[in-house]
Amino acid sequence: MDYLNRQKLAELSQNERSHYEQAHPASKALHAGANHLLARVPMTWMNKWAGGFPLGFSEAHGALVTDLDGHELIDFALGDTGAMAGHSPTALFEAMSERIGTKGGVTTMLPNEDAEWVAKELTRRFGLAQWSFTLSATDANRWLLRLVRMVTQRPKILVFSYSYHGSVDETFVVVDEQGRPSSRPGNVAPAVDPTTTTRVVEFNDLAALERELSYGDVAAVLTEPALTNIGIVLPEPGFLEGVRALCDATGTLLILDETHTFSAGPGGATQRWNLRPDALTIGKSLGGGVPCGAYGLSQELADRVLAAVASGADLADIVDVGGVGGTLAGNALSLAAMRAVLGNVLTDEAFGPMEDLARTFAADVQASIDAFELPWSITQLGARCEYRFASPAPRNGGQSLKSADVELEDYLHLYCVNRGILLTPFHNMALMCPATTAEQVARHGVVFNEALRALFG
Ligand SMILES: Cc1ncc(COP(=O)(O)O)c(C=O)c1O
């Protein structure tokens, strides 16, 4: 990045950091005093926020978060999609009060009518016929991978390089600089080398996919319809159709992970782009942040699962201790949350205005990129958008990784936080919720422009 004056960037960042520290004494003290928390935070990734310590928060409503020092922030991070419904929408509050309070019964080992309601609604939106519930998207992926290995009797899965599907062992594989599969840098002490469980190719590379599927040992391709965890990398025209065709030709199942791409519309990218996965996973936003997840199976795949299970208890135990399921999964609180969110908040009608706001957000960012003649790009996927320090936008995970710049990201994030705006700490994602307003989006446009003027003006 020879257009970037690193010295100036370092000076500006230092100013922003000092300002951040001065303006947030309560958050700083919270972090400093957390002597019994590993790395001083409830979850170690919370240290990813720029500024040396994360903001502590006291309240969050709609698209606004109030930090411990009383600053109100416009939240475009939205729990990295967990709060895509907005923070504590009324319908969720009412459903939770009823489930925990008036009706009672958070978890009982018994089903109730909410489960079928939610499953039917997921079928309406995503097309998959049969559903099962989890507590996270990670678990949805983890359990589904066992089921697809069981029905196909094939040992491996295939993922795209620098994809992310939660902390699922099999998915931490990338294509390295020499084009070889390797364990993802930073992969924490894997039990087995993940290249023995997984094949990996770059997104948008059908020739490589064809080569890797030709071995006939891949149970399923697991992918997001568009990568969202290494910036947003959109599928090129014909790519997803090609993936489907190659899966069909090789007897490989196709799993779509819609956990983030749900931002594309009420039925995610699956509905929007008319995709035909054999299985689908989703979590986070479904329950408005109340822990939940789900996986859906086509009728054919569901029949295969049940047939495989019926053929002998030695083969698979999906009722007790076979490694699929958990006691809190499918609990009544999660199901009530999903019913409230799908029925009243992230409705069919909610997505259009969210997408319009994301379009405006992206247009504002693009206008500033153009004004300062930067080789950057912004990509939108429904209600979500994200800028990368590369133009044209990267077409696969490896390219997108190279376009990251931690110093630049930290500066932009801190500049925004100091002016009342939260972006996702992982890269530069911004997400709209039903409560996001045009004024909030406009405010980001102004602040982003000022941040660039200070650095490049
Ligand atoms: C596409 C995708 N799948 C799965 C997950 C895992 O979600 P969770 O950490 O809530 O289990 C994530 C998390 O970011 C994700 O982005």
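Straight-line cross-link reach from Lys120 at under 20 Å between alpha-carbon atoms covers these aspartates and glutamates, not counting any fewer than eight positions away in the same chain: Asp257, Glu258, Asp278, Glu300, Asp303, Asp348, Glu349. Taking a Cβ cut-off of under 14 Å around Trp273, the surrounding Lys, Arg, Asp and Glu residues balance to a net charge of 0, with basic ones at +1 and acidic ones at -1. Helix 137-152 and the longest principal axis of the C-alpha atoms of the chain enclose an angle of approximately 30°. Comparing Cα centroids, the stretch 432-457 and the stretch 381-416 end up 16 angstrom apart. Between Ile100 and Asp2, the C-beta separation translates, for a Förster distance of 56 Å, into a calculated FRET efficiency of about 0.45. Rounded to the nearest Hz, the phi-derived 3J(HN,Hα) couplings of the stretch 36-46 under the Karplus curve 6.51 cos²θ - 1.76 cosθ + 1.60 (θ = phi - 60°) are 10, 9, 4, 6, 6, 9, x, 9, 4, 5, 5, where x marks glycine and proline.
Distance between the C-alpha centres of the stretch 144-180 and the stretch 52-101: 33 Å, rounded to the whole angstrom.
Full extension of the chain segment joining Ser214 with Ala438 gains 75.7 nm, where the gain is 0.36 nm per residue of separation less the Cα-Cα distance.
To the nearest ten degrees, helix 438-456 and the longest principal axis of the Cα atoms of the chain are 60 degrees apart. Give me the orientation-averaged projected area of the Cα convex hull of the stretch 90-344, in nm², one decimal. That works out to 14.0 nm². Under 27 Å of direct C-alpha separation, and excluding same-chain neighbours fewer than eight residues apart, Lys28 reaches these lysines: Lys8, Lys48. Translational diffusion of the stretch 86-178, estimated by Stokes-Einstein from the Kirkwood radius over alpha carbon pairs at 25 °C in a medium of 0.890 mPa s, is 147 µm² per second. The value of relative contact order for the chain, using C-alpha pairs under 8 Å at least six residues apart, is 22 percent. Counting Lys and Arg as +1 and Asp and Glu as -1 over every other residue whose Cβ lies under 12 Å from the Cβ of Thr261, the net charge comes to 0.
Ordering Ile74, Ile369, Ile157 by the number of other Cβ atoms within 10 Å of each residue's own Cβ, fewest first, gives Ile369, Ile74, Ile157. Given their separation in residues at 0.36 nm each and the Cα-Cα distance between them, Glu59 and Val446 gain 136.8 nm when the chain is fully extended. Take the Cα radius of gyration of the stretch 1-150 and divide it by 2.2 N^0.38 Å, N being the number of residues; the result is 1.45.
Taking only the Cα atoms of the chain, the ratio Rg/Rh comes out at 0.96, with Rh defined as the Kirkwood radius.
What do you get for the angle between helix 406-417 and the principal long axis of the chain? Use alpha-carbon atoms, 0 to 90 degrees, nearest ten. Tilt of helix 406-417: around 70 degrees. Among Lys103, Lys156, the ranking by other beta carbons within 10 Å of each residue's beta carbon, starting with the fewest, stands as Lys103, Lys156.
Subtracting the Cα-Cα distance of Glu241 and Glu300 from their residue separation scaled by 0.36 nm leaves 19.3 nm.
Taking 7 Å steps out from each Cα toward its Cβ at Thr107 and Thr66 produces label points 3.2 nm apart. Ranked for footprinting exposure by Cβ neighbours inside 10 Å, fewest first, Lys48, Lys284 give Lys48, Lys284.
Every number in this text was worked out from the coordinates using simple rules, so none of it is lab data. Small disclaimer: the values here were computed from a predicted structure and weren't measured. Using ideal geometry, Cβ is built from the backbone for each residue, glycine included, and neighbour counts are taken over all protein chains shown.
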